[in-house]
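S.K.: Below you will find the structure I want to go over with you.
Computed from the coordinates by the stated procedures, all read-outs in this text should not be read as laboratory data. Since the model is a prediction, treat every value here as computed from it, not as a measurement. So basically every Cβ, Gly included, is an ideal-geometry build from the backbone, and we count neighbours across all protein chains shown.
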Amino acid sequence: MKTVIPVNVELITTGTELLLGFVTNTHVNFIARRLAPLGLRLQRHVTVGDDPSVMRAAIADALTRADILLITGGLGPTSDDITRDIVAELLDRPLRLDDGVADAIRERFRKRHREMPEKNLVQAMVPEGATVLPNPNGTAPGLYIEHQGKQIFLLPGPPRELCPMFEHSVLPLFPRGAPAHCLLFKVAGLPESVVEEKVAPALADLADLELGYCARPGEVEVRVLSHLPAQIAKAETRLRAVLGDNLFAVADERMEEIVVRQLAAARKTVATAESCTGGLIAHRLTNVSGSSAVFLAGYVTYSNAAKTRDLGVREETLQQFGAVSEPTAREMAEGARARAGTDYALSATGIAGPTGGTAEKPVGLVFIGLATPTGTQVQRWQLAFDRETFKFFVSQTALDMLRRELLK
């Protein structure tokens, strides 16, 4: 049987734009997920800007530990693309023009009927002894260097270039060992601490099992990792038993995907009536392929007049209880269901903030309704989130209400 490989894999992502927050760093997520099937794990990740001294120090430090060092970004033709030069300097490997790479860059420009700036030829400079990793999606090739028993990879920063290169040219060069099997369980309706109280004792006697928890708006993720597939299977059985209907998905499935699948299987339909979420519930449902068979209509009724005109919410209800109230949420859901002719309808009305609250109805107050063939239920929540998180949590809770109803 293959064993776990004691290999230290480290990642350095480069680019000042990452540290300034202008670009989202997706590299670590992509790379880490592709290491586990090989029996490898990312041990350390560092992001550095385009400062030569900082980058030099980070790479030199990583080389004292890493068996495999991945460096992304900084292979372009501009003055802030310095990764290639710094690595060549640290390894004492002179840069030389690679005619094959230079010709490939020229050909790429020719096919696009564009004149190649001479500056682009800097991307054809290759450290002595390095292997060129082809890049059919850009002008910057990747580079692979074996140095003093270490594997060093220099990869382009743009994900559309990095991802296919990693799959096709990098992964085949990695050592193989016992794959790490990882399952992600998604839980709704329970806080993170309660999830751990239920999960940890249930899995305590399983050997070679690593547990992790991550709280997100409206859900908690439970990560189970093991090199033994049988342990993963046992863990899943026990998790389903202790979490019950609170466990809504395994792996990367989203709440809306689960709900659309349930509706399709039951041959049922849904509509939405939204105020504070501004159409987010409908947006999430329609992001799922095949949702047109189950999602018939979405109403965004931000004003009181729209609630009355489009959903039939009574003016007396709005005057007596206000837009943010249980009766209004109820009538919104029932109105949407009647007008769209659906089996179910979801509604949401609340105060997302940070302004608009009162002593009686503070910021964060929300009512979420679900109209069904047998009646209407409304949940009241008092939340303490920023506006965007508030909207997502409400949409998640609304979808979870429908999911649980469809389980009955």
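S.K.: Can you tell me the dipole magnitude for the chain around its Cα centre, using point charges on the Cβ only (Lys, Arg +1; Asp, Glu -1), in Debye to the nearest 20?
M.R.: The calculated dipole for the chain is roughly 1120 debye.
S.K.: Scan region 232-294 for trypsin sites (Lys or Arg not before Pro) in coil per DSSP, keeping those whose Cβ has at most 11 other Cβ atoms within 10 Å, and list them by number.
M.R.: Hits after loop and neighbour filter: 267.
S.K.: Additional query: Local charge sum around residue 28 (other residues, Cβ-Cβ under 14 Å, Lys/Arg +1, Asp/Glu -1)?
M.R.: Computed value for this residue: +3.
S.K.: How high is the relative contact order of region 12-156? Use alpha-carbon pairs under 8 Å, at least six apart in sequence, and give a whole percent.
M.R.: 24
S.K.: Show me 196-209, 382-395 ranked by packing, highest mean number of other Cβ atoms within 10 Å first.
M.R.: Descending packing order for the listed peptides: 382-395, 196-209.
S.K.: At a Förster radius of 45 Å, what calculated FRET efficiency corresponds to the Cβ-Cβ distance of residue 314 and residue 51, to the nearest 0.05?
M.R.: Here the calculated transfer efficiency is 0.10.
S.K.: What is the chain's relative contact order, in percent, from Cα pairs under 8 angstrom and six or more apart in sequence?
M.R.: Relative contact order here is 11 percent.
S.K.: Moving to a separate point now. Give the relative contact order (percent, whole number) for region 181-250; include only Cα pairs under 8 Å separated by 6+ residues.
M.R.: Relative contact order comes out at 48 percent.
S.K.: Are there DSSP H segments in the chain that both extend 27 Å or more along their axis (alpha-carbon positions) and score a mean Kyte-Doolittle hydropathy of at least 1.0? List them, or say none.
M.R.: none
S.K.: I would also like to ask the following. State which entries of 198/408; 186/307; 119/150 exceed 29 angstrom in Cα-Cα distance in the structure shown.
M.R.: Correct reply: 186/307; 119/150.
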